């Protein structure tokens, strides 16, 4: 749960900064004039909208045969048919589920109240509730054979997906009042928050190194890049060198809530000044906004799959499907 979008607080890692002179060359794209911000724009075509029930559509995972999404207020995990957008199954979970990950042959759901659930996706049943995780504030990530989670009390947790027990527990400084996240990329675990440097953590020892990305938090890893953002720009880091290699300025952005990269296209769920939510489709090479919709008031998560872009709207109970 990077942040439960204006309602919940996440933690933040704090510390000193790497000198800016060590960042190296960065390819930058400034925003270019784009089309008018309108859902009717030809670059924004809605395929379906699925009502998940309850309120605050949040966590999202796209697998080979289905789409899973979380309805936070309803406390449910919802399975959606990729062919027609119909709700196939609704699974209640204690503790208000939020973050969702498909990894190691299972679904993983972090819920408030100290729950980290492992589910059999085919059966739609809970196979484990990982003990001794405490609260989990942020997104889940997988790498190095472990599921990674961040406890805002100040711990990075590595969970064995087979035994469903905490195999690694490393102390990290956390500020509960800031936006933070954890992502596995390359051979490291990356933890960062707005206002502080990113920590590159050795998953085997817990040893950490501070990395200056110029602000913001990591969102996800794709290919050989770790993608993240601050309030006004998206950046890509090479995990092998721990250097930012690309930076894309965002148009009129005050907050970034969700990201996805699809080839040379960036999908960004942002807030404009005045707390106006929007989803932008951006050319990664030029920074040009190709399309924008303000119909999704609080874009919580964005995932790519089955020929479409899937977006949960935490300002409603809707899961959107949009043409790539």
Test: residue 269 is on the phi > 0 side of the Ramachandran plot and either assigned to a loop (DSSP other than H, G, I, E, B) or modelled with pLDDT of 95 or more (or both): no
Sort out which residues of region 113-122 are free of Cβ contacts under 8 Å to residues at least 40 places away in the same chain, farther than 16 Å from residue 148 by Cα and in a loop (DSSP other than H, G, I, E, B), and write them in order of number. 113, 122
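A quick yes/no check of all residues on (1) crowded, with 18+ Cβ neighbours inside 10 Å; (2) in contact with a helix residue (DSSP H, G or I) (Cβ under 6 Å, 6 or more places away or on another chain); (3) in a strand (DSSP E or B); (4) at pLDDT below 95:
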position: 32; (1), (2), (3), (4): no, no, no, yes
position: 38; (1), (2), (3), (4): no, no, no, yes
position: 53; (1), (2), (3), (4): no, no, no, no
position: 60; (1), (2), (3), (4): yes, no, yes, no
Would you point out the residue of region 212-226, among those that are in contact (Cβ under 8 Å) with a residue 12 or more places away in the chain and surrounded by fewer than 22 Cβ atoms within 10 Å (Cβ to Cβ), that is nearest to residue 302 (Cα to Cα)? 220
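I want to confirm something. Restricting to region 247-256 and keeping residues that are part of a strand (DSSP E or B) and free of Cβ contacts under 8 Å to residues at least 60 places away in the same chain, which single residue is nearest to residue 103 (Cα to Cα)?
Of region 247-256, the ones part of a strand (DSSP E or B) are 247-249, 255-256.
Okay, now just the ones that are also free of Cβ contacts under 8 Å to residues at least 60 places away in the same chain, so 255-256.
Working: 255: 28, 256: 25 Å.
Looking at residues that are part of a strand (DSSP E or B) and free of Cβ contacts under 8 Å to residues at least 60 places away in the same chain, I get 256.
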Being out of contact with any helix residue (DSSP H, G or I) (no Cβ under 6 Å at 6 or more places or on another chain), at pLDDT below 95 and within 18 Å of residue 60 (Cβ to Cβ) narrows it down to one residue among 75, 124, 113, 154; which is it? 124
All but one of (1) free of Cβ contacts under 8 Å to residues at least 60 places away in the same chain; (2) under 19 Å from residue 255 (Cα atoms) hold for residue 158; which doesn't? (2)
Can you tell me how many residues within region 245-271 are surrounded by fewer than 23 Cβ atoms within 10 Å (Cβ to Cβ) and more than 16 Å from residue 290 (Cβ to Cβ)? 6
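From the list 192, 167, exactly one residue is modelled with pLDDT under 90 and assigned to a strand (DSSP E or B). Which is it? Give the derivation first.
Values: 167 fails: modelled with pLDDT under 90.
None of the others qualify; the one that does is 192.
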What's the number of the condition residue 132 fails, among (1) buried (at least 17 other Cβ atoms within 10 Å of the Cβ); (2) in a loop (DSSP other than H, G, I, E, B)? (1)
Residue in region 90-107 that is farthest from residue 303 (Cα to Cα), counting only those that are more than 14 Å from the chain's Cα centre (by Cα) and in a strand (DSSP E or B): 92
Candidate set: region 76-89, residues that are in contact (Cβ under 8 Å) with a residue 24 or more places away in the chain and in a loop (DSSP other than H, G, I, E, B); chosen: the one nearest to residue 106 (Cα to Cα): 82
Would you mind telling me which numbered condition in (1) under 17 Å from the mean Cα position of the chain (by Cα); (2) part of a strand (DSSP E or B) residue 244 fails? (1)
Here's a check for you: in region 163-194, which residue that is surrounded by fewer than 16 Cβ atoms within 10 Å (Cβ to Cβ) and in contact (Cβ under 8 Å) with a residue 40 or more places away in the chain is farthest from residue 132 (Cα to Cα)? 187
Checking the structure you have, find out if any residue of region 211-219 is touching a helix residue (DSSP H, G or I) at 6+ places or on another chain (Cβ under 7 Å) and part of a loop (DSSP other than H, G, I, E, B). yes
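The values are calculated or read from the model by the stated rules, or taken from the named source; none is laboratory data. Note that this is a predicted model, so its numbers are computed, not measured. All Cβ positions, glycine included, derive from the backbone under ideal geometry; neighbour counts span all protein chains shown.
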